[in-house]
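In what follows, a structure is listed as structure tokens, so that the remarks can point back to it.
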Amino acid sequence: MEKYITQEGLEKLKKELIFLKETKRKEIAERLEKCLAFGDLTENSEYHETKEAQGFLEGRILELEDLVKNAVIVPEETKNQFAQVGSTVLVKAGEATEEFKIVGAEEADPIAGKISADSPLGKALINQPKGVVVEINTPSGRMHYKIVKIE
């Protein structure tokens, strides 16, 4: 399945993948060797914790490999007519204005102003032009956001 991501986000995922494969795998292998040196593994809690950590690590590596393999790079230079993945959108909600960058799910970081295209607000903004008011349902009620600027 295709995963939409910016070039910056893809580079970040690749760096994490390299780190996990080259550094974390070695660390876990060294921990396992130490555990094996203790002999009986049936009651060795450190061994079992390390094996569990190894499972999580290998799962994350597989997930990252899949993301990198199926990544569809979204060009940073969008037409600025419609909000897309990779667009930076300035919206107004009531008197407050906020700026969001629409990114793929793996890059989302709401605190840093990066919202997923799969989030309720992201879905509402996608393919909308400047000037449109979008409405989303939130736990505190309906919110209206007016698109002020698209970059």
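Would you list the helices (runs of 4 or more DSSP H) that sit entirely within the stretch 1-106 and hold 3 or more residues that are free of Cβ contacts under 8 Å to residues at least 24 places away in the same chain and within 23 Å of the chain's Cα centre (by Cα)?
Numbers: elements: 7-19, 25-37, 45-69.
Those helices (runs of 4 or more DSSP H) span 7-19, 45-69.
Take the residues in the stretch 108-148 that are among the charged types (D, E, K, R), closer than 24 Å to I73 by Cβ and in a strand (DSSP E or B), then tell me which one is nearest to the chain's Cα centre (by Cα).
Top of the filtered list is D109.
In contact with a strand residue (DSSP E or B) (Cβ under 7 Å, 6 or more places away or on another chain), within 30 Å of E151 (Cα to Cα), surrounded by 13 or more Cβ atoms within 10 Å (Cβ to Cβ) and without any contact (Cβ under 8 Å) to a residue 24 or more places away in the chain: does that describe G122?
Yes; evaluated as a whole, the condition is true for this residue.
Identify the residue in the stretch 138-151 that is of a type outside the set (A, V, I, L, M) and at pLDDT 90 or above and, among all such residues, is most open to solvent (accessible area, probe 1.4 Å).
Here the answer is R142.
On the basis of being at pLDDT below 95, among the hydroxyl-bearing types (S, T, Y) and surrounded by 15 or more Cβ atoms within 10 Å (Cβ to Cβ), does T42 make the cut? Please lay out each step first, then the result.
On the way: at pLDDT below 95: yes; among the hydroxyl-bearing types (S, T, Y): yes; surrounded by 15 or more Cβ atoms within 10 Å (Cβ to Cβ): no.
Here the answer is no, as T42 does not meet what is asked.
So I150 passes all but one of these: (1) more than 28 Å from N70 (Cβ to Cβ); (2) in contact with a Ser or Thr (Cβ under 7 Å, 6 or more places away or on another chain). Which condition number does it fail?
(1)
The values are calculated or read from the model by the stated rules, or taken from the named source; none is laboratory data. All values reported here derive from a predicted model rather than from experimental measurement. Here Cβ is always computed from backbone atoms with ideal geometry, including for glycine, and neighbour counts include all displayed protein chains. Surface accessibility is based on the protein's heavy atoms, side chains included, excluding ligands, DNA and RNA. Shrake-Rupley method; radii C 1.70, N 1.55, O 1.52, S 1.80 Å.
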